[in-house]
Amino acid sequence: MNDVPSFIGSTATASDAMSASGAKNEVFGGDGELRRGDRLGLILAWVVILIGIVLWAWKPMGPSEDALETEVPSGLLLSQQDEMVGKLAFGMRDLSPMLPPLQQAEILSTGGVAQRAAYAILEAELVGIDPAREELASILAESGDDPVALMLLPAVTAVFDALDAGEAPPVASTELLEERLGWFGRLASAMGRPEEISAIKANAKSRTMTLLGGVALMFIAGLLGFVGLIILLVFGLTGRITSKVIPVTRHGVYAETFAIWLLLMLLLQVLAGFLASLFPGEGLGLLASIQAFFLSLVVLAWPVFRGIEWRAVRRDIGLERPRLLDVPAGIASWSMALPFLLIGGVMTFGLTLLIQFLTNETPQPEHPAQQAAMNASGWELFQIFVLASVAAPVVEEIMFRGVLFSHLRGATRRWALPLGIVLAAVISSVIFAAIHPQGFVFIPPLAGLGIGFCIAREWRGSIVPAMVAHGVSNGIVMSLNVLLFGG
């Protein structure tokens, strides 16, 4: 018989007050209850964790609305996501001629002045100048004295007037639009020049095919992952597989460890950013971030300081030696995480619609690694991939699916086993998603991935397959970002 509880089997009890190493638990008294000092440590740890989540999620406020009424932001007024929306709409025109030409770009028409001006340019090329002029008139009527509108709309109008007259667009207008609207400005400059439009179309079609290929890959992997989840569930119900995670009784120590890591990692990242600001252009920011990730693992000394043997710590958090099957198990775990990612994506879509209804704004995910990948050099791209596909997966899996998950599984060890697993997976995954910079609207899909990685931990015991799954996920996302947004 297997010496670990099955997925659906009986729960662990307080009498099982032994650490993973088999040594008697010193934190528990004879009645199996935490001593007063350890209860206080557990409470303080969660207070620190909650504070840490707030600090990680907090972002400095941007310029006030009053300031924006009198100032025009410098540089590009659109995000990389805005440009990608336009490219996809342009590329889909030939790939799916049956679809409405602007269906993929409707999100721009509900954005700010810059997004709507970009939408008008795209509309002029895909539909015609007359409906595009109507869009400009609508923007002007609704924006009033908005400085962005006063800057952009005359330039767009000048381009449209030149096209109607069969003339080349004014250089001053096209230069302004290229500087402020990026790809959409280049599209405006190319209007009336078939060769340039063809080149832009070919590039957009190539990126659209890349995206569709990535979606197809993830769809197939997600279907296989869904089948894998069903198989795991059936095997768990029949007792053919069992949970490989043994709930630890000294779980409070791991809550303390995670709390310390959360604040230490934040401090190290702030220091890395400060170092990069002191030496701009030296490429130190990415290197410092990579080093910060691995340096943060010094917190694993805390359980040892609290009296747990290092061998027991490693066993408790699943930090085992890599095995040959960990790689295919990790890839399978990634595919089984995709259905949860899809569920989270549906939730995010609903939240986005709600925010659009309430604020007339569309939230977009933002991540420093994605921004750094734009026009990065080869050496910088290498560092970005090491950071996203090696450093982050290794450290985050140790801390979330290792340390934090072990604490939560231990804290719920007296509960029905399925309930304990679900709560530990959901809580750890929501915290995992909350400290990422994409924003609260995008917590559900990230948490969905985290739940999939928790299943890998339960299935294999070791956190190495979860590291592989995390690395594969980040590697695919970063590759798509480079192919879609780069250049």
inquiry  = Suppose we filter Val253, Val313, Val245, Val299 for residues that are closer than 16 Å to Arg460 by Cα and surrounded by 15 or more Cβ atoms within 10 Å (Cβ to Cβ); which single one remains?
reply    = Val245
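Condition test on Pro194, is it surrounded by fewer than 17 Cβ atoms within 10 Å (Cβ to Cβ) and closer than 25 Å to Gln364 by Cα?
In short, no.
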Segment 203-241 - residue that is surrounded by 15 or more Cβ atoms within 10 Å (Cβ to Cβ) and polar (S, T, N, Q) and, of those, farthest from Ser333 (Cα to Cα) = Asn203
ask   = Residues in segment 356-375: is at least one among the β-branched types (Val, Ile, Thr), under 23 Å from Val441 (Cα atoms) and not in a loop (DSSP other than H, G, I, E, B)?
value = yes
inquiry  = Among the residues that make up segment 432-451, is at least one of them among the aromatic types (Phe, Trp, Tyr), surrounded by fewer than 22 Cβ atoms within 10 Å (Cβ to Cβ) and assigned by TED's automatic domain parsing to the domain that holds Pro365?
reply    = yes
note = If you go through Val156, Val148, the only one that is touching a residue at least 60 places away in the same chain (Cβ under 8 Å) and not in a loop (DSSP other than H, G, I, E, B) is Val148
key: Residue pairs meeting the criteria (Cβ under 9 Å; at least 6 apart or on separate chains; first touching a residue at least 12 places away in the same chain (Cβ under 8 Å), in segment 167-188; second among the basic types (Lys, Arg))   = Ala168/Arg193; Thr174/Arg186; Leu177/Arg186; Trp183/Lys87
note = Being loosely packed, with under 15 Cβ neighbours inside 10 Å and in the same structural domain as Val394 (by TED's automatic domain parsing) narrows Leu275, Leu263, Leu284, Leu267 down to just Leu267
task = Being surrounded by fewer than 22 Cβ atoms within 10 Å (Cβ to Cβ) and of a type in the set (Val, Ile, Thr) is the filter; apply it to segment 456-487 and report the residue that is nearest to Leu88 (Cα to Cα).
result = Val482
ask   = Is it fair to say Ser138 is assigned to a helix (DSSP H, G or I), over 22 Å from Asn203 (Cα atoms) and not acidic (Asp, Glu)?
value = yes
ask   = Say we look at segment 133-143 and pick out the residues that are modelled with pLDDT under 90 and among the aliphatic types (A, V, I, L, M); which of these is farthest from Phe90 (Cα to Cα)?
value = Ala141
query = What number goes with the only condition from (1) crowded, with 21+ Cβ neighbours inside 10 Å; (2) touching a Gly at 6+ places or on another chain (Cβ under 8 Å) that Thr362 does not pass?
reply = (1)
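Given the criterion touching a strand residue (DSSP E or B) at 6+ places or on another chain (Cβ under 8 Å), touching a residue at least 24 places away in the same chain (Cβ under 8 Å) and not small (Gly, Ala, Ser), identify the matching residue among Thr249, Thr348, Thr257.
Selected residue: Thr249, the only one of Thr249, Thr348, Thr257 that is touching a strand residue (DSSP E or B) at 6+ places or on another chain (Cβ under 8 Å), touching a residue at least 24 places away in the same chain (Cβ under 8 Å) and not small (Gly, Ala, Ser).
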key: Hits in segment 290-319 - residues which are within 17 Å of Glu396 (Cβ to Cβ) and either assigned to a loop (DSSP other than H, G, I, E, B) or among the polar types (S, T, N, Q) (or both)   = Gln291, Ser296, Gly318, Leu319
task = Starting from segment 53-81, keep only residues that are at pLDDT 80 or above, then list their pairs with residues that are surrounded by 14 or more Cβ atoms within 10 Å (Cβ to Cβ) and β-branched (Val, Ile, Thr) whose Cβ atoms are within a distance under 7 Å, requiring at least 6 positions of separation or different chains.
result = Ile53/Ile431; Ile53/Ile435; Trp56/Ile435; Ala57/Ile435; Leu77/Val148
Which listed residue, of Leu404, Leu419, Leu408, is in the same structural domain as Val346 (by TED's automatic domain parsing), assigned to a helix (DSSP H, G or I) and surrounded by fewer than 23 Cβ atoms within 10 Å (Cβ to Cβ) = Leu419
ask   = Looking at Val386, is it of a type in the set (A, V, I, L, M, F, W, C), under 22 Å from Thr257 (Cβ atoms), in contact (Cβ under 8 Å) with a residue 60 or more places away in the chain and in the same structural domain as Val47 (by TED's automatic domain parsing)?
value = no
key: Scan of segment 374-409 for residues that are among the acidic types (Asp, Glu) and at pLDDT 90 or above, ordered by number   = Glu396, Glu397
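The values are calculated or read from the model by the stated rules, or taken from the named source; none is laboratory data. Note that the coordinates shown come from a computational prediction; the quantities given were computed from them, not determined experimentally. Quick reminder, even Gly has a Cβ in these numbers, built from the backbone with ideal geometry, and neighbours come from all protein chains shown.
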